[in-house]
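Novice: Let me give you the structure first, and then I'll get to my questions.
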Amino acid sequence: MLIDGDDMQVLGISGSMRKDGNTSRLVTIILKQCEEKGLTTEFISLADKKIHPCIGCEKCKKEHECSITDDDWEDVASRIFDCEVLVMGSPTYYYDVSGQLKNFIDRTYSYYHDRRLAGRKAVAVSVEADKGGSRTIQTIEGFLSAHEFSYLGHVKGKGYLAGDVMKDTDAIADAKKIGDKIARLFHTGH
Ligand SMILES: Cc1cc2nc3c(=O)[nH]c(=O)nc-3n(C[C@H](O)[C@H](O)[C@H](O)COP(=O)(O)O)c2cc1C
């Protein structure tokens, strides 16, 4: 985890309203793997954040900042500027990302006009109980592609109740593998 004054290298965001749910756990496994290889990471859950939906006012096109200021969106979104790699995860809700993550993504329109997030790298994570997780990944990929992130790949897990994903040994192995891939970008030599 991040120690005050350290530069953050990898930022993990979970879009689940379950703070300690499956998405948080899968994202955290990736971050832990990065930490073991010597990288600095930070994890943010959107569960306790207030994030209003984009209202489509288009003011950000001119002013380059979001006109909505009475919530937590800016605090979280601006952390992306400080990372090299973003790990963005969502539970699957009706074959897609959660409403909370969609609100978060839509609000990044204010960063889109001048591609302020471009050049960073990213990983997409989803958890499904049964099906629809691929579309969840596709939505996150759409966000990443629009903002011109370089895409490192995805991890898709299975689980229903909070914690179930820890039984998905394939997903856990994939999460560790992608953590190693992130670490190799930094040539930490661990
Ligand atoms: C509103 C809602 C919609 C859901 N829709 C789907 C779905 O379309 N497909 C699926 O496989 N699971 C669906 N689920 C189950 C969740 O994806 C599953 O419980 C997941 O593990 C939740 O991850 P979390 O613990 O990170 O919140 C849904 C759950 C909720 C609450």
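All of the numbers you see were taken from the coordinates with simple rules; none came from a lab. Keep in mind that what you see is a predicted model, and the values were worked out from it rather than measured. Every residue, glycine among them, receives a Cβ derived from its backbone with ideal geometry; neighbour counts consider all protein chains shown.
Novice: Within the stretch 1-110, which trypsin sites (Lys or Arg not before Pro) sit in a loop by DSSP and count at most 11 neighbouring Cβ atoms inside 10 Å? It would help to have the intermediate numbers written out before the result.
Specialist: Numbers: sites: ARG18, LYS19, ARG25, LYS32, LYS37, LYS49, LYS50, LYS59, LYS61, LYS62, ARG79, LYS102, ARG107; in loops: ARG18, LYS19, LYS37, LYS49, LYS50.
Here the sparse-neighbourhood loop sites are LYS50.
Novice: Once phi is turned into ³J(HN,Hα) by the Karplus curve 6.51 cos²θ - 1.76 cosθ + 1.60 with θ = phi - 60°, what whole-Hz value does each residue of the stretch 28-39 show in order, with x for glycine and proline?
Specialist: Those phi angles translate into 5, 4, 4, 5, 4, 4, 5, 4, 4, 8, x, 8 Hz.
Novice: Within the stretch 125-165, which chymotrypsin sites (Phe, Trp or Tyr not before Pro) sit in a loop by DSSP and count at most 14 neighbouring Cβ atoms inside 10 Å?
Specialist: Here the sparse-neighbourhood loop sites are TYR160.
Novice: Here is a further query. Across the stretch 138-147, in residue order, what do the Karplus-derived ³J(HN,Hα) couplings come to in whole Hz, using 6.51 cos²θ - 1.76 cosθ + 1.60 with θ = phi - 60° and x for Gly and Pro?
Specialist: Once θ is set to phi - 60°, the couplings for the stretch 138-147 become 4, 5, 5, 4, x, 4, 5, 5, 4, 8 Hz.
Novice: With θ set to phi - 60° and the Karplus curve 6.51 cos²θ - 1.76 cosθ + 1.60, what are the ³J(HN,Hα) couplings of the stretch 125-130 in order, to the nearest whole Hz, using x for Gly and Pro?
Specialist: 10, 9, 10, 10, 7, 9
Novice: So, counting K/R as plus one and D/E as minus one, what does the shell of residues with Cβ under 15 Å around PHE143 add up to?
Specialist: Taking every other residue near PHE143 into account, the sum is +3.
Novice: Using amide H atoms built 1.01 Å from N in the peptide plane, name the residues 5+ places from ASP96, or on other chains, whose amide H lies under 5 Å from its own.
Specialist: none
Novice: Can you give the local net charge around ALA129? Use residues other than it whose beta-carbon is closer than 9 angstrom to its beta-carbon, Lys and Arg +1, Asp and Glu -1.
Specialist: -1
Novice: May I pose another question? Please report the base-10 log of the normalised intensity I(q)/I(0) for the chain, using a Debye sum with one equal scatterer per alpha carbon and no solvent, at each q in 0.17, 0.18 (1/Å).
Specialist: Once normalised to I(0) and log-transformed, intensities are -1.08, -1.21.
Novice: With each pseudo-label sitting 7 Å past Cα toward Cβ, what's the LYS131-TYR160 distance in nm, one decimal?
Specialist: Result: 1.6 nm between the two label points.
Novice: Please list the non-local residues whose amide H lies under 5 Å from the amide H of PHE149, H modeled 1.01 Å from N, same-chain partners needing a gap of 5 or more.
Specialist: Distant-sequence amide H within range of PHE149: GLY119.
Novice: Now for a different question. Between SER145 and SER78, what length comes free when the chain is fully extended (0.36 nm per residue of separation minus the Cα-Cα distance, one decimal in nm)?
Specialist: Using 0.36 nm per residue and subtracting the Cα-Cα distance, I get 22.3 nm.
Novice: Distance in nm between label sites at ASP70 and ASP7, each 7 Å beyond Cα in the beta-carbon direction?
Specialist: 3.9 nm
Novice: For a quick check of your reading of the filter: which chymotrypsin sites (Phe, Trp or Tyr not before Pro) in the stretch 55-115 sit in a DSSP loop and have no more than 12 other Cβ atoms within 10 Å?
Specialist: The qualifying sites are TYR94.
Novice: If you don't mind, there's one more thing I want to ask. Bin width 10 Å, alpha-carbon pairs only: give the P(r) of the stretch 73-120 as whole percents, running from 0 to the bin holding the largest distance.
Specialist: Spelled out bin by bin, the stretch 73-120 gives 23, 54, 22, 1 percent.
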